[in-house]
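Engineer: Questions regarding the structure given below will be posed in turn.
Every number here is computed from the coordinates shown, using simple stated rules; none is lab data. Computed from a predicted structure; not experimentally measured. Neighbour counts are summed over all protein chains in view; Cβ atoms, including those assigned to glycine, are modelled from backbone coordinates with ideal geometry.
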Amino acid sequence: MNFASAVAEAFFQEIPLLILTADRPKEWIGQMDGQAIYQENIFAKNICKSYSLQMGDLHPDNDWYINRVINEAIFKSKSNICSPVHINFGFREPFYPNPEDITNSKSEKIIIRYNSHKVINKYIWENLVTLLLSYNKILIVVGQMQPNIKFKKQFEKFISESNIPVLADINSNIQYLSNGILHSDLIVNNIDKERINELKPEILITFGNQIVSKNIKNYLKNNKPKTHIHIQENDEIIDTFQTVTHILNVSLETFVLEIVNQVRIKGDKKYLETWKNKDKITKKAIEEYTEIEPNSEFSIIYNITNYVPKNSIIHTANSLSVRYLNMISSAYTLNYCNRGTSGIDGCTSTAIGSAMVSTEITTLITGDVAFFYDRNAFWHNYVPSNLRIIILNNQGGAIFGHVEGSKIQPELEEYFIGKNQLTAKNICNENNIIYTNLLPNQLNKEVLNKFYESSTKPKIMEITSNGSETSENMITLKKIIKKYLDVS
Ligand SMILES: Cc1ncc(C[n+]2csc(CCOP(=O)(O)OP(=O)(O)O)c2C)c(N)n1
């Protein structure tokens with residue numbers, strides 16, 4: 001049960017994962033015996049496949065069965081079409097073998113799988129080409145994806161030759177593109193209702209998992225394209241914007257590799273320029289805002305992203321942290337967030353795990369509630385020194401002061417935001433982490449320089465920000481962006 005959040009996150013993010021659990025014998029469940037709970041199918045629908053194996057059955061077919069199931073589970077867990085996979089192993093006592101009984105004499109059979117990729121056949125290409133050439137205003141929207149340098153290169157070639165704007169989510173790891181629109185969230189949220197028509201696509205192509213921006217979702221739901229092709233490897237119907245007309249079941253690599261050879265798309269250059277122009281203007285507006293309100297949380301994250309080492313790793317926690325970063329964008333770093341289920345549980349654990357398997361500086365940007373919720377993330381001996389954590393401590397879940405429904409409830413402060421007075425000082429002392437605490441106006445180049453200096457210990461910087469100002473600051477930001485967009 002402790003694995004459940006991670007399993008659900010991996011399931012909705014389609015991350016390959018194999019989970020092994022040890023179980024008590026079935027007959028002892030519900031018999032007032034210790035540590036015996038129902039473990040078969042414990043993750044219910046939040047898993048691709050669950051197996052249950054009984055160990056110690058002496059029939060020779062049982063060994064063959066265990067071997068086959070383990071091979072199959074590994075096959076499945078390696079594909080991102082079916083993940084995660086769970087094997088529950090039932091054991092009977094004695095649980096601990098005598099050392100002399102441990103033998104390595106059995107040779108397990110490893111079954112080799114030759115995996116081939118789906119291709120797009122001639123008939124489908126003919127249809128796709130007809131579709132893609134039927135309109136000029138083509139838009140690509142990309143959701144969360146793992147970094148993929150090879151794909152990114154091919155994709156860049158395709159979009160730059162075909163004048164297609166790309167709205168890539170902060171966690172798509174593909175934001176930095178010649179036609180990448182980095183501030184689409186702020187653009188569609190602040191442009192005049194009458195002028196949004198200029199941005200309406202005729203053909204929409206989408207791929208990747210979830211997108212953070214609710215504004216983009218609403219913009220597409222309200223400005224439906226004539227054709228929407230969603231590319232995905234599995235055969236579910238995923239229709240986030242209620243606009244899907246076609247689903248293409250191929251890998252992204254296959255799609256971009258072949259499309260370059262199959263069809264010369266010439267998207268509407270004016271449409272691309274309109275997006276690019278609005279992106280440039282919004283960037284200017286952001287810069288103006290961060291000068292007027294340098295101490296707002298938005299400006300703090302803006303300043304940090306300008307400072308974080310290029311090509312390093314950023315993790316953001318749910319919820320304001322990832323939303324700010326999605327508005328600002330950080331195209332030169334690898335960006336991750338638990339957006340499969342958008343939980344606040346495990347954001348710190350995920351960042352620590354990621355830092356452990358990388359030599360790059362790994363920065364987690366988090367709110368205080370998400371941080372304190374996952375304080376056991378540090379309770380092991382492997383917290384790496386390349387880890388940097390920046391806590392925006394606004395003493396509660398300030399996000400709920402933004403959300404339309406919760407912000408007007410009388411219980412807002414007490415139960416939604418849940419005011420707290422915690423600081424990270426004690427966690428840092430307990431875990432041998434270098435700790436700095438500062439106010440927003442103390443954040444400057446020297447402080448950030450020091451924070452990113454290499455060190456034998458991880459570092460946490462806690463910035464005491466003002467949650468109640470957050471909403472007002474966002475109104476000021478909107479006003480400035482609107483002012484610019486209105487005359488564009
Ligand atoms: C496990 C879990 N419980 C509850 C929520 C609902 N939730 C979303 S954001 C949030 C508050 C986060 O507060 P904080 O980390 O301080 O960040 P901020 O509000 O400043 O963005 C909560 C409780 C959630 N996403 N995940």
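Engineer: Modelling each spin label as a point 7 Å along the Cα-to-Cβ direction, I'd like the residue 157/residue 75 distance in nm, to one decimal.
Structural biologist: Between residue 157 and residue 75, the label points sit 3.3 nm apart.
Engineer: Towards the positive end of the charge dipole of region 383-488, with charges on Cβ (+1 Lys, Arg; -1 Asp, Glu), say which of 408, 454, 443 has the farthest Cα.
Structural biologist: Going by the charge dipole, the pick is 454.
Engineer: Expressed as a rounded percentage, what relative contact order does region 122-275 have, with Cα pairs under 8 Å and six or more residues apart?
Structural biologist: Relative contact order comes out at 29 percent.
Engineer: Ranked highest first by average number of other Cβ atoms within 10 Å, how do 402-412, 290-300 line up?
Structural biologist: Result, highest mean first: 290-300, 402-412.
Engineer: If you average over every viewing direction, what projected area does the convex hull of the Cα atoms of region 11-127 give, in nm²?
Structural biologist: Quarter of the Cα hull surface area: 11.1 nm².
Engineer: Please name whichever of 28, 86, 48 sits farthest to the positive end of the charge dipole of region 4-101, dipole taken about the Cα centre and charges placed at Cβ: Lys and Arg +1, Asp and Glu -1.
Structural biologist: My answer, from the dipole projection, is 48.
Engineer: Taking neighbour Cβ counts within 10 Å as the exposure measure, how do 323, 24 sort from fewest upward?
Structural biologist: 24, 323
Engineer: Given points 7 Å out from each Cα along the Cα-Cβ axis, report the residue 113 to residue 426 separation in nanometres with one decimal.
Structural biologist: 4.8
Engineer: Which of rounded, prolate or oblate describes region 407-476 when judged by the alpha-carbon gyration tensor and an a/c cut-off of 1.5?
Structural biologist: Oblate.
Engineer: Suppose we take every Cα in region 122-275 and form the convex hull; what volume per residue is that in Å³?
Structural biologist: Normalising the Cα hull of region 122-275 by residue number yields 101 Å³.
Engineer: Return, for the Cα atoms of region 243-316, the radius of gyration and Dmax in Å, separated by a comma.
Structural biologist: Both quantities, over Cα of region 243-316: 19.2, 51 Å.
Engineer: Can you give the calculated 222 nm mean residue ellipticity of the chain, where each DSSP H run of n ≥ 4 adds -39,500 (n - 2.57) and the sum is split over every residue, rounded to the nearest 500 deg cm²/dmol?
Structural biologist: -11000 deg cm²/dmol
Engineer: Turning to a different aspect of this structure: Given Cβ point charges of +1 (Lys, Arg) and -1 (Asp, Glu) and nothing else, what value in debye, to the nearest 20, does the dipole of region 122-275 about its Cα centre take?
Structural biologist: Dipole about the Cα centre, nearest 20: 320 debye.
Engineer: Here's another thing I want to ask about it. No partner Cβ under 4.7 angstrom, meaning no disulfide-compatible partner by this rule: which Cys of the chain qualify?
Structural biologist: 337, 347, 428
Engineer: Less than 16 Å apart at the alpha-carbon level, and either on another chain or at least 8 residues along: which lysines does that give for residue 280?
Structural biologist: Answer for residue 280, where 16 Å is the Cα cut-off: 270, 478, 482, 483, listed by chain and number.
Engineer: Dividing the Cα radius of gyration by the Kirkwood radius, what Rg/Rh value follows for region 293-486?
Structural biologist: 0.95
Engineer: Per-residue counts of other Cβ atoms within 10 Å, averaged by peptide: what ranking do you get for 49-59, 267-277, highest first?
Structural biologist: 267-277, 49-59
Engineer: Between residue 360 and residue 221, what FRET efficiency comes out of the Förster formula 1/(1 + (r/R0)^6) with R0 = 51 Å and r the beta carbon distance, rounded to 0.05?
Structural biologist: That pair, residue 221 with residue 360, gives E of 0.85.
Engineer: How high is the relative contact order of the chain, given as a whole-number percent (alpha carbon pairs under 8 Å, six or more residues apart)?
Structural biologist: It comes to 13 percent, rounded to a whole number.
Engineer: Which whole-Hz couplings ³J(HN,Hα) result when phi for each residue of region 91-99 is put into the Karplus expression 6.51 cos²θ - 1.76 cosθ + 1.60, θ = phi - 60°, listed in order with x for Gly and Pro?
Structural biologist: 10, 9, 5, x, 7, 10, x, 6, x
Engineer: Another question, then. Show me the three semi-axes of the equivalent ellipsoid for the chain, from the C-alpha gyration tensor (sqrt of 5 times each eigenvalue), largest first, rounded to whole Å.
Structural biologist: Semi-axes from the Cα gyration tensor: 41, 33, 20 Å.
Engineer: Sticking with this one: Give me the extension gain from residue 95 to residue 269: residue separation times 0.36 nm, minus the current Cα-Cα distance, reported in nm with one decimal.
Structural biologist: This chain segment gains 55.8 nm when fully extended.
Engineer: Given Cβ point charges of +1 (Lys, Arg) and -1 (Asp, Glu) and nothing else, what value in debye, to the nearest 20, does the dipole of region 4-101 about its Cα centre take?
Structural biologist: 460
Engineer: Size of region 168-220 along its principal axes in angstrom, Cα-based, largest extent first?
Structural biologist: Cα extents, longest axis first: 32, 20, 19 Å.
Engineer: At 0.36 nm per residue, and after removing the present C-alpha to C-alpha distance, how many nm does the segment from residue 247 to residue 28 gain when stretched out fully?
Structural biologist: This chain segment gains 74.0 nm when fully extended.
Engineer: What spacing in nm lies between the two simple spin-label points modelled at residue 148 and residue 434, each 7 Å away from Cα in the Cβ direction?
Structural biologist: Result: 3.8 nm between the two label points.
Engineer: Report the relative contact order of region 4-101, percent, no decimals, based on alpha-carbon pairs under 8 angstrom and at least 6 residues apart.
Structural biologist: So the answer I get is 45 percent.
Engineer: Would you kindly work out the equivalent ellipsoid of region 58-120 from its C-alpha gyration tensor and give its semi-axes, the square roots of five times the eigenvalues, largest first in whole Å?
Structural biologist: Taking √(5λ) for each Cα gyration eigenvalue gives 31, 14, 11 Å.
Engineer: In debye, nearest 20: dipole of the chain around its Cα centre with unit charges on the Cβ of K, R (+) and D, E (-)?
Structural biologist: Once rounded to the nearest 20, the dipole reads 1740 debye.
Engineer: What's the local net charge at residue 65, with K and R +1, D and E -1, over the other residues with C-beta under 11 Å away?
Structural biologist: With Lys, Arg at +1 and Asp, Glu at -1, the neighbours total -3.
Engineer: Another question, then. Nearest 0.05, what FRET efficiency do residue 445 and residue 287 give at R0 = 22 Å with Cβ-Cβ as r?
Structural biologist: 0.85
Engineer: Separate question: What whole-number distance in Å separates the alpha-carbon centres of region 239-283 and region 367-412?
Structural biologist: Answer, in whole Å: 35.
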